[in-house]
Amino acid sequence: MSIKKIIMIFITILLSPVVFAKDNVSVNNLITYPSVWMSGNLGLGKADNDSLQSLDGISPAFKLIAGYDVNRYLGLYSSYDFIGSIPKNNSMNVFSLGFKGNVPIFDMWSVFGKVGISYLNGNTDSYNVSGSLGLGAEYKITNAISTQIGYDYYQNIGLIKSSVGLNQIYWGMTYRFGQVSLPIIKSQKIEVVDEIISDFLVLTRKSYIISFPTGQSVLDNDDKYVLEELLKVMHEFPEIKAKIIGRADATGNGLINEKISKARSLSAHRYLISHGISSNRLAKEWLSDSSPIDLNSPKNSELERSVQIILH
């Protein structure tokens, strides 16, 4: 990788927060900046040219990183890497210093890029300085703790009379100092609309009807359910009054229908009074079968075997 490519990647990483960051991304706004952090990582290292007999293919690695974030997008970092047996029978120590750019992408996810200068001590006679690049993703567990996975590349490291590139992948945990170490709570703006009950609500349901079997005037559970809905309205609005009208269908004679329509009206009237409605707010009447709700109702109509309660 040439120096020109390194410079171009460096500029891209530094500018990426400005270009790609969105205002509607809500990545952990509770973190305070500037922020100091430290990270411990385990990984694997591999040289570009492992065909050399003096180089092993893949070796275990340990990475320790310390950083200082100026804001949520840009910071500085320094790191120490211990990589075992890339040169056979020798360990490698790499010290790095550089810039780190961070781009939030989801609520708790972000991606980062690193550009730096690295100093190699390979436990041999070889000491050299090279450029380094890194990419990775970070997931925030709390405001203080996060986990990350990353990839680093070290350019033109001099090993055993040969310059090779060094690749490293790693995973680890990060701790941010001075943050509230609590789980991140996702917040969402919810528009709350106050419930407004007005005369319009009352007018949309100003009539309640409960029906009865033939010859019956006792309230069943369905009737009481309707009356409970009516009670809620009348308790909420004490100025509302109700007119209770008992009816019968046309199957019986006049005397029977008069008697049963009266009994039905009184059943609803007594129920409302027993549940806290003043008798001054209630008017009752019974119409036998003389004034049907629907003029086209059949003779044995359930609609007419009813009590109609009209609010006013």
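The values are calculated or read from the model by the stated rules, or taken from the named source; none is laboratory data. Just so you know, these numbers come straight off a predicted model, no measurement behind them. Here the Cβ positions follow ideal geometry from the backbone for every residue, glycine too, while neighbour counts run over all protein chains shown.
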**Q.** Output for the range 231-290, where each listed residue is under 47 Å from the mean Cα position of the chain (by Cα) and basic (K, R)
**A.** K232, K241
**Q.** Residue selected from the range 253-273 under the condition hydrophobic (A, V, I, L, M, F, W, C) and either at pLDDT 95 or above or within 27 Å of H235 (Cα to Cα) (or both), by the criterion surrounded by the fewest Cβ atoms within 10 Å (Cβ to Cβ)
**A.** I273
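Could you tell me which of the residues S51, S39, S91 is out of contact with any Leu (no Cβ under 8 Å at 6 or more places or on another chain), hydroxyl-bearing (S, T, Y) and at pLDDT 65 or above? Outline the logic, then answer.
Numbers: S51 fails: at pLDDT 65 or above; S39 fails: out of contact with any Leu (no Cβ under 8 Å at 6 or more places or on another chain).
Selected residue: S91, the only one of S51, S39, S91 that is out of contact with any Leu (no Cβ under 8 Å at 6 or more places or on another chain), hydroxyl-bearing (S, T, Y) and at pLDDT 65 or above.
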Q: Could you tell me which residue of the range 274-290 is farthest from Q216 (Cα to Cα), considering only residues that are among the polar types (S, T, N, Q) and surrounded by 12 or more Cβ atoms within 10 Å (Cβ to Cβ)?
A: S290
